[in-house]
Amino acid sequence: MKNKITLFSSFILPIYVAHGCPEKCTCHTVSKTADCKNRGLREIPAHLPPGIQILQLQNNHIWRINENAFTGTPLLKILDLSNNSLSSLAPGTFQKLRYLQVLNLTRNLIHYIENKTFSFLPHLKELDLSSNSIIRLPETFGNSTGNITLLSVKHNKLQKMERVLLESLPNLKVVLFKDNPWQCNCNVFGLKLWLESFLYRGGISDGIICSTPGIRKGKDLLKVPYELFGACPLTAAHVHLTSIHHHNFEHRSSLKHAHHNEHAENSWSNCDPKPKPRPVSLRHAIATVVITGVVCGIVCLMMLAAAVYGCAYAAITAKYHREHLASARQHGTPEEKEPFNSSLA
């Protein structure tokens, strides 16, 4: 009897699991997962169980996402669309997924991301856009995306990135930039300043390696001297942030940069020369000049007094000798008054 129950249970379980699940997917009620990977799909499958939290769609041929594709799955937390054929994403494509935490869009054919593509995803923490053909990113990913902690844009075709976008992600802890043709001119200077601040605050990054211009090819953007950006337009935000963070950067970045795996903010599109040394206080300078003048005056007076004293002493000594000589000539000694020839007598 027990063997019959076991056999019956093993027979009805797949039917229960498959209930309400698309034909080419496998749905698991316990893990709340819909496994639709490697099924040759060209679109998001319809009639997915409304209670699923994980949807695996990787390794298919999905080339577009319909506007209402996720209307029936509002509780999704993890969505994996990696290794598909998506070339564009309409703004608001994912806006029904208010509980989404992880969105994987790696290895697609995406060329650019529009403003507000990821609007109204207040719980989104990880956004992976790596291994696409992205040439441009917007100034914002959308409303309510401020909780993103990990952003990956590596292996794309980005030449620059607006610091405004990064500033809209205040909780960012990890950002990955590598393998992009970064253009290290004035357009990327704001990114340099932001990255210095990000690393100083404990963020983790794999760094930005310059592709152009030729003299900077292969160099780490963070090691390109500020003086080389001296001809760039100046902005007030750059001046403010450079003065705050530049003097602390070298030590901190050596600890946090690249792959140190130490677990880890505000404004910084253009350029700013290296901050000039702080000017000397005018009051301090005047005081120094006055003190120097007084000391020099005292020394001069002492030298003058010594000269006067020496002259007076010399004059008195000379007068004394003249008077003594004159007296001696006038009165003479006995020997001087005796006739010359008396000594022969």
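The values are calculated or read from the model by the stated rules, or taken from the named source; none is laboratory data. What you see is a predicted model; the values in this text were computed from it and never measured. Here the Cβ is made from the backbone with ideal geometry for all residues, glycine too, and neighbour counts use every protein chain on show.
The table below gives the values:
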{"quantity": "Checklist (1) touching a Leu at 6+ places or on another chain (Cβ under 7 Å); (2) surrounded by fewer than 16 Cβ atoms within 10 Å (Cβ to Cβ); (3) at pLDDT 95 or above; (4) within 23 Å of residue 98 (Cα to Cα) applied to residue 36, failing item", "calculated": "(2)"}
{"quantity": "Sole exception among (1) at pLDDT 90 or above; (2) in contact with a strand residue (DSSP E or B) (Cβ under 7 Å, 6 or more places away or on another chain) for residue 137, by number", "calculated": "(2)"}
{"quantity": "Condition check for residue 198: in contact with a Ser or Thr (Cβ under 8 Å, 6 or more places away or on another chain), among the aromatic types (Phe, Trp, Tyr) and part of a loop (DSSP other than H, G, I, E, B)", "calculated": "no"}
